[in-house]
Amino acid sequence: MLVRGAVLTVVLLGLVAFSVLLAKVTLTPSPASEDLVTSNLRPGRSLRQYAEDYTFLGAVKQAGGNLLLGVPFGLLLPFFVPRRLRMIRTTLLTAVAMAVVELVQGALVAGRAFDIDDVILNTAGALLGYFLLGRRISHRYYVYTDASGAPGPSAQEPAQEPAADPEPAPGPAARRTKTTATKTARGKAGQPAPPKPAATAPAKKRGPRTASTEDPAGARRGANASDSVRSLFGRLRGR
């Protein structure tokens, strides 16, 4: 984190310094050129004018100056834009920033005008700086920060044993059986225990039944029969 913060601070300071230099170069009034400078909305018109009306050194100064003015964009902006489509984002940001600068020149600064060729040259300079150096240093920066900011598995937590293979899901019949057994167990757990049968008195031992106790009429008939038998024996003896 310290290295990342230091790098971003240096890049930000460089971007601020470049912005100050850009403002000084492009937004400084030039009253001597007020009658000579006109706006240019046709791409290539100023470049042809450099080749026809300027000397070689003058043309190199004009075109080369605009190219060099865009190189810092290609060096610094890759640190602040996402890595996806970084080149396209850098190109678009440079084009938008320089178009705004040219519009401010044409509207507010005396002796300066909007020139679409300056925007094209500045954007080309940003791409040149990006391909020469910006892409490499930004790529190394992101690789370093990703490697240092995301520790490996051994640094985060100890290795865990592999989990056991999950049991196969039971079929429909097994699920129904399991559900029935669960319901039966729940019903048994919810029912109160059946009451114990009350202790019964021991049965009395019954003796043999007698005619007197069980059947009084039968006892009388037996007594009459015995009397008849006695009377019969008495008669036989008398004879």
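The values are calculated or read from the model by the stated rules, or taken from the named source; none is laboratory data. These numbers were taken from a predicted model, which means no experiment stands behind them. Reconstructed Cβ throughout: ideal geometry from the backbone, glycine too, with neighbour counts over all protein chains shown. Heads up: the accessible areas ignore ligands, DNA and RNA and are worked out on the full protein's heavy atoms, side chains in. Shrake-Rupley method; radii C 1.70, N 1.55, O 1.52, S 1.80 Å.
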Computed accessible area, VAL60, all protein chains, 1.4 angstrom probe, square angstrom: 80
Packing-based ranking, highest mean first, of 8-19, 47-58 given that Cβ atoms within 10 Å are counted: 8-19, 47-58
Ranked by how many other beta carbons lie within 10 Å on average, peptides 29-35, 109-115 from highest: 109-115, 29-35
Long-range amide H partners of ASP115 with built H, under 5 Å: ASN40
Solution diffusion estimate, µm²/s, Stokes-Einstein, segment 21-140, Kirkwood Rh from C-alpha pairs, 20 °C, viscosity 1.002 mPa s: 143
Cα-based convex hull volume of segment 30-91 per residue, rounded to whole Å³: 129
